[in-house]
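Participant: This structure is in structure tokens; I'll ask about it shortly.
The values are calculated or read from the model by the stated rules, or taken from the named source; none is laboratory data. Computed from a predicted model, the values in this text were never measured in an experiment. A quick note on method: Cβ atoms are made from the backbone with ideal geometry, for glycine too, and the neighbour counts reach across all protein chains shown.
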Amino acid sequence: MNTTSSNTRAWLIMGLAGVFEVGYALAVGGSSGFTVLGWSIAAVVFFLLTLFALSVALKTIDVGIGYAVWAGIGAVGAALFGPLFFDETLTLTRAGWLAVIIGGVIWLKLADSPAFATEQRAKAEPAPV
């Protein structure tokens, strides 16, 4: 498998890990301190799935970038879906800061692209004399 398709596969798995992280966060919230059986089982399942998918993605993606993206997806997803499942509110201020997180995740993904890395290396190399 070539580097581009391997990198794309890793980012798709990272997205899946993020979705599992959102499921985990919501299930933990619904478990009421692991006292509600259904939510507690869901939390354990999502926890294992998110860690597995994250570990697979981190074989290709740098740990710092991968962890930041994974945590960002989880935070944004939990904040967006929390009001749908629980008695939570999404204020304009929270939405603004979520937009900052989303922007950061997108920027990190772009910074990991081969084209961006080539451009940065070209800028760092001294000009020929």
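Participant: Test Thr4 against the criterion of being of a type in the set (Val, Ile, Thr), closer than 23 Å to Ile106 by Cα and surrounded by 18 or more Cβ atoms within 10 Å (Cβ to Cβ), and give yes or no. Give the steps one after another, and end with the answer.
Facilitator: Details: of a type in the set (Val, Ile, Thr): yes; closer than 23 Å to Ile106 by Cα: yes; surrounded by 18 or more Cβ atoms within 10 Å (Cβ to Cβ): no.
No: the conditions fail for Thr4.
Participant: Testing Val22 on (1) surrounded by 14 or more Cβ atoms within 10 Å (Cβ to Cβ); (2) farther than 15 Å from Phe81 by Cβ, one condition comes back false. Which one is that?
Facilitator: So the condition that Val22 fails would be (2).
Participant: Does Phe52 fit the bill of being outside any helix (DSSP H, G or I), farther than 29 Å from Ala95 by Cβ and at pLDDT 95 or above?
Facilitator: Values: outside any helix (DSSP H, G or I): no; farther than 29 Å from Ala95 by Cβ: yes; at pLDDT 95 or above: yes.
No.
Participant: Show the residue pairs meeting these rules: Cβ distance below 6 Å; 6+ apart or different chains; first residue within segment 65-94 and without any contact (Cβ under 8 Å) to a residue 40 or more places away in the chain; second residue outside any helix (DSSP H, G or I) and not basic (Lys, Arg).
Facilitator: That search, which allows pairs on different chains as well, returns Pro83/Leu90.
Participant: Within segment 49-61, identify whether any single residue is in contact (Cβ under 8 Å) with a residue 40 or more places away in the chain and loosely packed, with under 13 Cβ neighbours inside 10 Å, and answer yes or no.
Facilitator: yes
Participant: So Phe81 passes all but one of these: (1) modelled with pLDDT of 90 or more; (2) assigned to a helix (DSSP H, G or I); (3) closer than 27 Å to Ser6 by Cβ. Which condition number does it fail?
Facilitator: (3)
Participant: Checking Ser40 against (1) part of a helix (DSSP H, G or I); (2) small (Gly, Ala, Ser); (3) surrounded by fewer than 16 Cβ atoms within 10 Å (Cβ to Cβ): exactly one of these is not met. Which one?
Facilitator: Of the numbered conditions (1) part of a helix (DSSP H, G or I); (2) small (Gly, Ala, Ser); (3) surrounded by fewer than 16 Cβ atoms within 10 Å (Cβ to Cβ), the odd one out for Ser40 is (3).
Participant: Shifting gears a bit: Within the set of pairs 6 or more residues apart or between chains, which connect a residue that is at pLDDT 95 or above inside segment 16-41 to a residue that is outside any helix (DSSP H, G or I) with Cβ atoms less than 6 Å apart?
Facilitator: Correct list of pairs: Trp39/Ser31; Ser40/Ser31; Ser40/Phe34.
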